[in-house]
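To start, the structure under review is shown below, and the notes come after it.
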Amino acid sequence: MPNLIHRPRRLRKNDALRAMVREARLSRDDFVLPLFVCPGTGISREISSMPGVYNLSVDEVTKEVSAAYDGGLRSVILFGLPATKDELASGAFAEDGIVQRAIRAIRKSTPEIVIMADTCLCEYTSHGHCGVVREGEVLNDESLELLARTALSQTEAGADVVAPSAMMDGQVGAIREALDSSGFEHTAIMAYAVKYASAFYGPFREAADSAPTFGDRRAYQMDPPNAREAMREAELDYSEGADILMVKPATVYLDILKMVRDRFDLPVAAYHVSGEYALIKAAAQKGWIDEERVMMETLTSIKRAGADIILTYYAREAIRLLAG
């Protein structure tokens, strides 16, 4: 028999020991639940590519948030499906826009919850791109004013955090200036600092009705092979006043998440996106995997890589398991 001084198995032999030495721990406070708000009343329409996720009217999303808060959830992020769209995304910054109305309703019904608002234009533009389009090109600087107006409108409605996701150069600085000059210097910005042009967004495009009508978003979202460029993007948002830096998607960019965590002293978020969620759901429905175990292992990997905040469609299920 070998004389083994070090036996790592000693600390794995039962649940209590494994829990005692666990290095990465999930908690309910880690999670943000994305929600899709649509026009109408009494609407709860399941998204075919995202089982368990729904387009919800304002009255229904208010009920959903209240129930989720009672179950332990502490933060949501809202995406809007406007009744009409136009070239300048006017529904994104309208005082009575779909997200603005949802923010006010949630703030009234569940005042303690943290409300984040996705700050982008793609869901509201007739062409589906994240900025102003002229002659087939997405114009960066002209888009900044609309993004700033959107963030200001969301804040006026009661959002705690605005989350610019358009990947326009200078968007964080433009939003910070607009908020500060209007007396909202305490509103936080969660920057989609490192957002890749990913194939994992497919189901979201159905959920938010936001697919581009021409071309794609690779001219402004990041090229997946690039890591050093991700640090430059994060550095720019940091210097412009971001309060939280996000990496999106999460699981296929855990290396990038770790790099951001190691380099910056801000809170770091990661978005477990629609395609990542849908893959687990599809495999589970086939009976190929244990959905709960895969879900928790996946979310733990995001936490282990350095995320302080995890945006996931599994937020409610994860919190329920953690409480159980």
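The values are calculated or read from the model by the stated rules, or taken from the named source; none is laboratory data. Because the structure is a prediction, the values reported are computed rather than measured. Ideal geometry is used to build each Cβ from the backbone, glycine not excepted, and the neighbour counts take in all protein chains shown. Just so you know, the surface numbers come from the protein's heavy atoms only, side chains and all, with ligands and any DNA or RNA stripped out. Shrake-Rupley method; radii C 1.70, N 1.55, O 1.52, S 1.80 Å.
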Inset, instruction - Summarise the accessible area of segment 225-277 (1.4 Å probe, protein heavy atoms) by the percent that is carbon and sulfur. - result: 50 percent
Inset, instruction - Compute the accessible area per residue over segment 212-309, keeping the other protein chains in place, probe 1.4 Å, unit Å². - result: 50 Å²
Legend entry - Helix 274-285 vs. the chain, principal-axis angle (Cα, 0 to 90°, nearest 10): 50 degrees
Inset, instruction - Using only Cα atoms, tell me the angle between helix 291-305 and the longest principal axis of the chain; keep it within 0 to 90° and round to the nearest 10. - result: 80 degrees
Inset, instruction - Using the heavy atoms of the protein chains and a 1.4 angstrom probe, tell me the accessible area per residue for segment 1-124 in square angstrom. - result: 52 Å²
Inset, instruction - Find the percent of Cα-Cα distances in segment 152-203 that exceed 16 Å, and round it to a whole number. - result: 43 percent
Legend entry - Highest average packing first - 264-277, 87-100, 10-23, 45-58, Cβ atoms within 10 Å: 264-277, 87-100, 45-58, 10-23
Legend entry - Value of [θ]222 nm, deg cm²/dmol, for the chain, DSSP H segments ≥ 4, -39500 (n - 2.57) each, nearest 500: -12000 deg cm²/dmol
Inset, instruction - Could you give the size of the charge dipole of the chain about its Cα centre, using +1 on the Cβ of each K and R and -1 on the Cβ of each D and E, expressed in debye and rounded to the nearest 20? - result: 1960 debye
Legend entry - Mean-position separation - Cα centroids, segment 28-74 and segment 293-324, in angstrom: 18 Å
Legend entry - Folded to 0 to 90 degrees: helix 140-157 orientation relative to the chain principal axis, Cα: 80 degrees
Legend entry - Accessible surface of segment 59-199, 1.4 Å probe, proportion on carbon and sulfur as whole %: 47 percent
Legend entry - Cα shape, segment 28-82, gyration tensor, a/c 1.5 rule: prolate
